[in-house]
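Here the structure comes first, spelled out in structure tokens, and everything after it is commentary.
The values are calculated or read from the model by the stated rules, or taken from the named source; none is laboratory data. Please read these numbers as outputs of a predicted model, since none were measured by experiment. Here the Cβ is made from the backbone with ideal geometry for all residues, glycine too, and neighbour counts use every protein chain on show.
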């Protein structure tokens, strides 16, 4: 069936290409339009002269337009012509008719699981079967229970070893047919592997046991979607999103269904709901194709921002003078403050040099690599060290871009800086004239003639009187408003630096991020040093004695490092996620031997779309509610979104407040309550089906 559909798509695309080469016309979107195009194309070919027809045949081109194969639907034409990003499967009557007519019950469940395992053995490659048998035997020999074996199976599934995963999961279900998580995960693997017709009876059984469970309802809806039964799929998926509006997979599939009906606004709404919970590049591209530009606010923040990652708030400015007397008393503290700021800034500039040199070396290497080569040669070159795609990178880039837009952190900082600049500009424009005015108003005239002056002549002014009035004018009109402007500017700069560092840790390599942190520290110090009041001591010290020494000591910066660490323990391997970087650690102690298999029976590595959620807690939690559900309230856990590009999002789930060193988090949106969080998940795990099928070549029969 799959091969036939592939040939149909190729036929449609080939016809469109040939026809468009002859006439620039609108592509067909229905079978009727396709037949009309075929007729028009044949009419054009019939007008050719015998010589022209002979020339075409010598070039390997037929003068007869091929007829349209049987079984092509409007959806097939639209998907083939416009790309299959939004296509929905055609109704697969063969597989639908193959769904077991016998209702699965508790009594018949073991025999049905056996039939599924027999089906799997016939559908997977011999190499995969032998390997999976070895893994299963090793796990059993090491006293692994069925739940642990099931988690090991999920580990293989998540890293793309689908055939091995589904074989082991089937054996785990045989060991314990009462475990709802295992049965649900087994059904999800069957569906995504290409056997939704085999999964549906099992999912229907689970749905009766655990009505309203969103994981079962989603997996059931996805299975019907794979078979082209979109109405039945939507019936189940509507129940899912009613229970949890931001379900990542249910919303994704409903987006496809809505767009297939031509309801683009609804399709956008559904995909926005999906990306709000977990990110993938597919979702981003789908929204772009729908005409919607994703904003940073559309995507979930991976973790709560550290409120002060570099310890910026520890840098306390000296007391701010509010009068001339304060200015004399505090001037020494401000002198010491600015001196220390300059010294620390110079040290930071030195610290930055090695990183600048490293970046310069990289730039030189890149130049030498491409120098003298044509554009064509550059395109053909392969990267020696491919840049690893980082988790949260797209989300981070969107938010960094939006910081510069109206209302963003960088924009607000710019507005705050302008307020300072305007005040200083106004002061400089009026300062000289105001001083002359004060001096004139307070000039002293001779009351009688003396050797120094004639009666009524200007004797000058009292320095201290003028000094006080000038200081009053400056503090009232400039220093006090400036201090408020400085506070606002520093607050906005603090927000900008904190937000920038948070997002940049997800997009930069370690060396570049170190340089970014140093630059941020320097930016903060320069800003602090430039927030001194306007000095008014222009006429000499009057009354208060100026303080000559200071005990002021500038604070030190904190070191910012990754504080978000999550681990999925599949027993056979552990996936570790740390601030967007990921790694897999295999446990050689639990499994030994030549375990390096990673391809299916076509020799290709395969992957599927989906979501998986897990919890650190034991089986007693949510007892009687069935498999772990997306968006459900659990004490602690995490989830992952994976596609054919691998794992694209990792998020924390839970309801309990975090304490240092604990394994709990605050809520399903992935916001952690404590800045130092380490989550290790090894308990219940649920596989939530994505919107595709056919991951295993031997399935679908």
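Details
- Selected residue (only one of 99, 130, 113 is in contact with a helix residue (DSSP H, G or I) (Cβ under 9 Å, 6 or more places away or on another chain) and not in a loop (DSSP other than H, G, I, E, B)): 113
- Exactly one residue out of 262, 221, 228 is outside any helix (DSSP H, G or I), in contact with a helix residue (DSSP H, G or I) (Cβ under 9 Å, 6 or more places away or on another chain) and either surrounded by fewer than 18 Cβ atoms within 10 Å (Cβ to Cβ) or modelled with pLDDT under 95 (or both): that is 228.
- Every pair of residues 6+ apart whose Cβ atoms lie under 8 Å, when the first sits in region 253-271 and is in contact (Cβ under 8 Å) with a residue 24 or more places away in the chain while the second is in a loop (DSSP other than H, G, I, E, B) and surrounded by fewer than 16 Cβ atoms within 10 Å (Cβ to Cβ): 264/291; 268/291
- On inspection, residue 177 passes the criterion of being surrounded by fewer than 24 Cβ atoms within 10 Å (Cβ to Cβ), more than 22 Å from residue 240 (Cα to Cα), touching a helix residue (DSSP H, G or I) at 6+ places or on another chain (Cβ under 9 Å) and at pLDDT 90 or above.
- Residue in region 380-388 that is loosely packed, with under 11 Cβ neighbours inside 10 Å, outside any loop (DSSP other than H, G, I, E, B) and at pLDDT below 80 present: yes
- Of all residues in region 331-343, those that are over 13 Å from residue 555 (Cβ atoms) have Cβ atoms under 7 Å from Cβ atoms of residues that are part of a helix (DSSP H, G or I), 6 or more apart or on another chain, in 338/529; 342/529.
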